[in-house]
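The values are calculated or read from the model by the stated rules, or taken from the named source; none is laboratory data. Just so you know, these numbers come straight off a predicted model, no measurement behind them. With ideal geometry, Cβ positions are generated from the backbone for all residues, glycine too; neighbour counts draw on all protein chains shown.
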Amino acid sequence: MYARIQEHRGVCPTRWMCDAAGVSHRGFYSWRRRPESARRQLDRRLAVEVRASFERSGRVYGSPRVLKDLQENGYRCARKRIARIMKENSLVALQPRRWKATTDSGHDFPVQANLLERNFNAGEVNKVWLADITYVPTEEGWLYLAGVEVPLEQISAPERSWAGTPAIASIAS
């Protein structure tokens, strides 16, 4: 609390902030005169090591793995201390995306024959078109993206078209 009052000293009078925070102004001034504790100094050094370990992991390590990493480098501390330091420094591990199957090949629907057999060189104009569909994860759900292209060999400039929609049925229409 005192650190927050210290941050805002130029904005409001100190006594007002101490009253609003429910602490005495004498306690605040006493806090300012005290040297930083040994534990706080170690926490600051640990915070640097925690951030380095976290960044080396690609931002995926949580407190248990960061702790293990620090212990391998000779630091002795508890997981809860590492968790607190990570929280104070806004270090949150990225959760891996869950894999989701987007193709269901086990169905009874008719499947079109592969007429090109991966030979995309057409002898005539407008004979071969390329198309594909992909799924893009967003915060609001899946975005279905379809694209169509007429290959360069058939025309002077490539023709490309694409459409995106949150419902896959609306691409086909």
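Quick notes on this structure:
- Matching residues, the range 74-120, being surrounded by 10 or more Cβ atoms within 10 Å (Cβ to Cβ), farther than 30 Å from T138 by Cβ and not hydroxyl-bearing (S, T, Y): C77, A78, R79, K80, R81, I82, A83, R84, I85, E88, L116, F120
- Near pairs, Cβ below 6 angstrom, 6+ apart or cross-chain, from the range 115-133 (part of a loop (DSSP other than H, G, I, E, B)) to any residue that is of a type in the set (S, T, Y): none
Here's the yes/no breakdown for (1) modelled with pLDDT of 90 or more; (2) among the hydrophobic types (A, V, I, L, M, F, W, C); (3) touching a His at 6+ places or on another chain (Cβ under 9 Å):
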{"position": "V66", "(1), (2), (3)": "yes, yes, no"}
{"position": "A78", "(1), (2), (3)": "yes, yes, no"}
{"position": "A83", "(1), (2), (3)": "yes, yes, no"}
{"position": "A93", "(1), (2), (3)": "yes, yes, no"}
{"position": "W99", "(1), (2), (3)": "no, yes, no"}
{"position": "N119", "(1), (2), (3)": "no, no, no"}
{"position": "I133", "(1), (2), (3)": "no, yes, no"}
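- For V60, the conditions (1) exposed (fewer than 14 other Cβ atoms within 10 Å of the Cβ); (2) farther than 30 Å from W142 by Cα; (3) touching a residue at least 12 places away in the same chain (Cβ under 8 Å) all hold with the exception of (2).
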